[in-house]
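Scroll down for the structure; my scribbles are underneath it.
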Amino acid sequence: MLLNLLPMQQNFNEILPLLPDSSRVWVYAASRPLTKDDKAIAENLLNRFISQWATHGSAMTAGACVLFDRFLVIAADEQKMAASGCSIDSSVRVIKEIGQTISVDFFDRLNVHRNIRKYSIHLVSRAQTECWQSALQCTCK
């Protein structure tokens, strides 16, 4: 879950310039910051996957990147070819492979990434977030 990333917002076209704004996007959050080596491994595996990603035997128009040393992003231009269940499953498999290779969990949905200081993302538990909200008397709807 991403909260309050406004100072870090990026234009989609700057992140994946060959894909239209209407692309379908999947974001996987890391359980820790990625090191330079982790990032290189992840980018290599993502690029290999994207180069051969297909749905119903047809190549997908897609892109992928590592963002803010915390997030793996995969995007597909579904105007040309919609991602099928099997093709989405294959993308999940590559994210799991990356996670196992670099010992990072990309599937823990109980963590929240917060932008605490400008350009500084921190991982906190949902319980910590709820505590902060209570302390600040915030309400979320």
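In order along segment 54-67, phi translates into HN-Hα couplings of 9, 10, 6, x, 9, 5, 7, 8, 8, x, 8, 7, 9, 10 Hz, rounded to whole numbers, per the Karplus curve 6.51 cos²θ - 1.76 cosθ + 1.60 with θ = phi - 60° and x for Gly and Pro.
Each residue of segment 18-30 was assigned a 3J(HN,Hα) from its phi angle through the Karplus expression (A = 6.51, B = -1.76, C = 1.60, θ = phi - 60°), giving 8, 10, x, 4, 7, 4, 7, 10, 10, 10, 10, 8, 7 Hz with x at Gly and Pro. Backbone amide hydrogens, once placed in the peptide plane, bring residue 16 within less than 5 Å of nothing, excluding anything fewer than 5 places away on its chain. Per-residue Karplus couplings for segment 70-76, computed as 6.51 cos²θ - 1.76 cosθ + 1.60 with θ equal to phi - 60°, are listed in order as 9, 10, 9, 10, 10, 9, 9 Hz, Gly and Pro entered as x.
Values quoted throughout were computed directly from the atomic coordinates according to the rules given, and no laboratory measurement underlies them. Treat the numbers as computed from the prediction; the structure is a model and nothing was measured.
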